Structures are given as C-alpha cells and as structure tokens.
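Each remark here refers to the structure printed beneath this line.
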Amino acid sequence: MTAVHCHQLTKEFGTGATRTPVLRGIDLEISTGAISMLVGPSGCGKTTLLSVITGLLNRTSGRVEVLGEDIDTLSPDRQAAFRRRNLGFVFQQYNLLPSLTAAENAAVPLFADGVPYARAVARAREVLGRLEMTHRADARPAELSGGQQQRVAIARALVHDPALLICDEPTAALDAHTGHAVMEMLAAAALSPDRAVLVVTHDNRIFPFAHVITHMEDGRITHSETNHHEPQ
Amino acid sequence: MNYVALRMLLHDRAKYLGLIFSVAFAAFLISHQASIFSSLMARTTSQIMDVVDADVWVMDPRTQNFDEVKPMTSNALLRVRSVEGVEWAERFFKNNARAKAPGGLFRSVILLGVDDATLVGAPRRMVLGDIESLRDPDAILLDQAGYNYLFPGEPLALGREVEINDRRAVVTGICEASAPFQTLPVVFARYSLAVNYVGRERNSLGFVLAKGRPGISPVELSRRIEAETGLTALPQGAWGWRTILYYIGNTGIPVNFGITVMVAIIVGTVVSGQTFYIFTIENLKQFAALKAMGVTNGKLTRMVLLQAAVIGFIGCAFGVAMAAAFFLATKDISHLRGFILRWQILAGTWVLIAAIVAAASLLSVRKLRRLEPAIVFRG
Ligand SMILES: Nc1ncnc2c1ncn2[C@@H]1O[C@H](COP(=O)(O)OP(=O)(O)OP(=O)(O)O)[C@@H](O)[C@H]1O
Ligand SMILES: [Mg+2]
C-alpha cells in the first residue's frame, strides 16, 4: 500500500531576488510495511521534503498525498489532528521534555489527544518495554544516555500507533555502536504491514536496515534501489 | 496537556520562583498601597462615622469637609427644628484646640462639643467612665489614643487635669474614637464649654445633627431640610463621601498612591512578562516539537494561560497574604490603627493581577502561535 505519494512536488524559499528553489519536482512513493531511507548530500533538500510531506511547510507546486489525504488543503486544526493521529516523529535532537519522565514523554501524543493520564502512561510503558527501556521508564531525559533518549523518542513516535513514522537523522547524534542498536530496535518496534517508515539519514552504516533507499541530489530524486537481501 | 504544562512550569525552579516573586511583589504593593490610601481616606470621615445618633448632618453650604467648618448663625438650629418631619435637631461643635498635659506634653486636639442637655453626638464606646460625667464642671472625655499621647506609659485613670487652650479641663471619661486623619487626640465636651475653650466668635454653630420622624428616610429628610432652610443637609454616608472627595480632589494623596500602584503594575507586568517570555523561548524547541506532533495553537495557548494562571494565583495569594499580615501586625500601633485590607481592594488586586499575568503571557502566546514547527528538524 502507498502511504506517501508525491508528484512533481516543488518547494521554493523566499520570493523575487532571494527566491531559492529547494525541491525541484519530486516524484516519490513510500509504501507501508517497509523502511524507506532518503539519502543524499547535505543541503540537497531532505529535511525540506519531510517538512512538506508532514504539512509543516507548504509546498510551492505539485501534489502530495499522505494516507490518501492532501494535507495542504486541510485547515490548520484539521492538519494538526491529522498529524496527531497518523504521524510519528523521531528527531535528530530527541526533543524530549526535560521535566517529564521517560514514560510521560512517550505518552505525550496520547496526552495531546486527550487520553487520560493513567491510561496514556500505561500504554507508553508497554511501548518502552518493546524498546527495552522498562527499567528506565521513570527516569528523566537528563538521566539517560543519548541512545536511551532516542529510544524514548521512538516510543513516543509509536505510542499512538501511527500509520507513518518520520525519522530525521535518528542516529546522527549517536556513536556507531549505539546508532546500530537503536536502529535495530526501531526496525523491530516500528515495522508493521500497515505502517510506512521513512528515515532521512547520512549514516551509511544503517543503510542495511532499509528495504528501499532513495537518493536525492540538489532537490531531485536521482535513483532508488531496492535492498535485495532481507534487511537486518 | 495541562499536566505537561504544569510540569514544564515547575521544572525550572529558579524561573518559577522568580515569576511568583514578581507577581507577589506587585500584588503586595497594589493591595498594600491601595489599602493605606483607602484607609487614609476613610479616616477623614472617622468623626462623622462615630456619630450614630443622628440621621442627617446640616451645615453651611460652604463647608466642604469635616476639617474646615464654616460656622452657621445660631438660628440655623431653630430653622432645622421647624422643618416638617424632623423629630429632633441638636447643635454639634467642631474646632481645633491645644491640649497641654501637666508633664508639659502638648498636642493639637480635635475639640467636639455636644448639646449640653441631650449629649447627642457623644461617643458610644467608653473605655473608662461614663458619658453622663460630661455634665460635671470642666468635664471632658478624651479618646484612648489621645490619652496615651498626653500621658505616655501611664495607666488609664480618671480625674486627671489638662489645659485646653490654657483653661482647666478634667478627664472624666476615656472613650474609643476611630483614628482621625491626622491622628490627633479627640476631646469631647459640652457645647457651651467647648465654645468657651475656643473663645467666642460671632458664629460657632458648625453642625446641626437631626433625626427624622419614623418612616422618613435620611435622604428624604435631607431633601426637606435643604429645600426649607437653604443649608446643606447630608445623610451620614453622603457627608463622609463629600469629605473624602474633597481630599481626593484637593490633595496630592491619591496621585502619590496612584503612582505607586501604577509602578507596581508596570514592574509586575514587565518583570513577570520578561521572565515568562524567556521561559517560553528556552522551551521553544520542545514547543515546536509539540506543534509538529499535532498540538494545536489553541491548546498551546491554553497551556501557557494555565501556567500564567498558576503563577498569578500563587503569586497573588502570597502578595495579599503579606499585605494582610502587615495590617494584622500593625493594627494595635496607635498611628496605624484603622488601616485595613478591604474586600473590595482584595477583589481589585485579584483582577489586576489576572490582567498582569494575562498581559505577561501575551508575548509568549504570540511567539508560540507564530512558531514554525518545521524548526524541530533543524539541528
Ligand atoms: N527556511 C528556509 N529558508 C531558506 N532556505 C532554506 C530554509 N530551509 C532550508 N533552506 C535551504 O534549503 C536547502 C535544503 O535544506 P534542507 O535542510 O532540506 O537540506 P538537507 O538535505 O536536510 O541537509 P542536511 O543533510 O544538512 O540536513 C538548503 O540549501 C537550505 O539552506
Ligand atoms: Mg536535514
């Protein structure tokens, strides 16, 4: 099933003399049940593409459909509700709330959707368990290592069972060994027949986890390759 | 998300306490200064409010406040008595005099003269002695605070002699009087004696106190007296307000207190607003992440307003508690007695603090509403 569909998608920043085209006609399909990686040199537009797909930035032209919705045409509140229910985010810098425990942090998407505290935290603990974080569920981010923090962030991204998981450089802040371990857990926890996982990365050590790798350069997709041996 | 908002607020102890402190400081200054102002203004009416026998005060139209009395001719009394609906009307004398204690201490005093026969307008709350003793030769009643000024450290005792404008007077009773504006001692005497102390002038009748027949309201009685005599007649409350408005309109007191309250409001708003804004800025990435994850602007606004409300509530509670503690601690200090925290001021302080924290959070709310969630992807 296709989770994300982009057609002739463009994005420009600025107007007039400062106009910079960043995405120059992207055609892309992301399928469920697989991990898709988006790779390419710095500044080629990967983050911008993620932002447009998730509705955080408006496109300039072309079409984007996420789970069958044209997110750009929704009102801001409907857009927010759409993201709240259907998208999970993992950021390079974790972006956990320092005042909350790991379990509470992981429960934030449920809080945002009005799930009562006890139920939300119980569900968050369950997901943390799948990421082997049960023993640190009551720690605060400052008491956790980078890899542990990223695992909390992954739990947060999965706690509401989203149909699309978006990860921007999830291992860039981690050392090779930890990055590999985190990626392993991410793959195990996130892969599901009705979920698409889109990972933007520079980190070629995690390429083996991908089912599909899409290469970008200067705002265009150059080519895609399918991983023929079963991903790790 | 309310839970998340509160955890975020409590996480940074230093800023949290700073916010509470700045709001508490503003609440304290506002309620404290406004209370002192209102109590000070109320004090200008102390001797009016202490008279409980009469419905209506009658005076020369040129008398604007209790401290500056334009005397009327003595036939004013008869004119008031002849007004339809007046049950009774009696003379009331008010002037300033000098009192000297045997020890040499001397003070200006408020000298009040009550009708020789009826003693209408005499104090009701006696600490020692009896109102009837006013009928004795040279008898005066002195208020307790005044007694303590003239005989510091000495036990309350009757029969002491003082000089009023160089004439002998005997303290035959000690009474309670509400603190006057200038905290002068209050002396009561028979009308005839009081006039003698001050020395005869052409006119000495400062006020006529009148009581209406049953069923005639003070307002109606005042209207009738004014219509028939051309004098000014006011119910007790209205006369008090006239005196207060005179002080508000003709002294710098309200301006000075007003400036302090304004400064408290401005400093409270700026300091708490700035701290709150810094707090928001420091959490901007987290807020952006929340936005990316689908938390709406409306919800973020409510989170910030909740944080502001908590700060406002705790800060204001501390501030007014400090003000209340001040007035409790000083209520027995002679020159600070009668300074109280009125419920109206309490309510007004809460309203102002609500406005302050709302204004303080405005900048933060605006910042968050305009925040681009896409920044969460930036390193
Ligand atoms: N808000 C913006 N305004 C103007 N230009 C922008 C903006 N955001 C990104 N750009 C530009 O768009 C281009 C693509 O940026 P983007 O962040 O998408 O690259 P990237 O592929 O994610 O790079 P990296 O691998 O370093 O994260 C860059 O040249 C960047 O300077
Ligand atoms: Mg990037």
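Each value in this text was obtained by applying a stated rule to the coordinates, not by laboratory testing. Everything numeric in this text was worked out from a predicted model, so none of it was measured. Counting neighbours? That spans all protein chains shown, and the Cβs are built from the backbone with ideal geometry, glycine included.
Averaging the Cα positions of each part gives two centres, and for the range B:61-83 and the range B:272-348 these lie 51 Å apart.
Normalised by the number of residues in the range B:73-230, the mean separation of alpha-carbon contacts (under 8 Å, six or more apart) gives a relative contact order of 36 percent. With contributions of -39500 (n - 2.57) from each DSSP H run of at least four residues, the per-residue ellipticity at 222 nm computed over the protein assembly as shown stands at -14000 deg cm²/dmol. Bridging of B:Lys100 to lysines at a Cα separation below 29 Å is possible for B:Lys70, B:Lys331, once same-chain residues fewer than 8 apart are set aside. Under the criterion of Cα pairs below 8 Å and six or more residues apart, the relative contact order for chain A equals 28 percent.
Loop-located chymotrypsin sites (Phe, Trp or Tyr not before Pro) in the range B:236-277 (DSSP state other than H, G, I, E, B) with a sparse environment of at most 14 neighbouring Cβ atoms within 10 Å are absent. Here the translational diffusion coefficient of the range B:73-230 follows from Stokes-Einstein with Rh set to the Kirkwood radius across Cα pairs; for 25 °C and 0.890 mPa s it amounts to 149 µm²/s. Straight-line cross-link partners of A:Lys46 among the aspartates and glutamates, defined as a Cα under 14 Å from its Cα and at least 8 positions apart when in the same chain: A:Glu12, A:Asp27, A:Asp168, A:Glu169, A:Asp203, A:Glu217, A:Asp218. With everything on Cα atoms, drop me the angle between helix B:2-11 and the longest principal axis of chain B, reported from 0 to 90° to the nearest 10. The helix B:2-11 is inclined about 80 degrees to chain B. At q = 0.10, 0.13 Å⁻¹, what is the log10 ratio I(q)/I(0) for the protein assembly as shown, with the Debye formula run over Cα points and no solvent? Summing over Cα pairs of the protein assembly as shown leads to -0.87, -1.24.
Based on C-alpha pairs under 8 angstrom that are at least 6 apart in sequence, the range A:98-183 has a relative contact order of 34 percent. The alpha-carbon of B:Lys15 sits under 24 angstrom from the alpha-carbons of these lysines, leaving out residues fewer than 8 places away in its chain: B:Lys285, B:Lys291, B:Lys299, B:Lys367. Beta bridges from DSSP with both residues in the range B:73-230: antiparallel share about 70 percent, rounded to the nearest 5. What base-10 log of the normalised intensity I(q)/I(0) is obtained for chain B from the Debye formula, alpha carbons as equal point scatterers, at q = 0.08, 0.13 Å⁻¹? Taking Cα atoms of chain B as identical point scatterers yields -0.58, -1.00.
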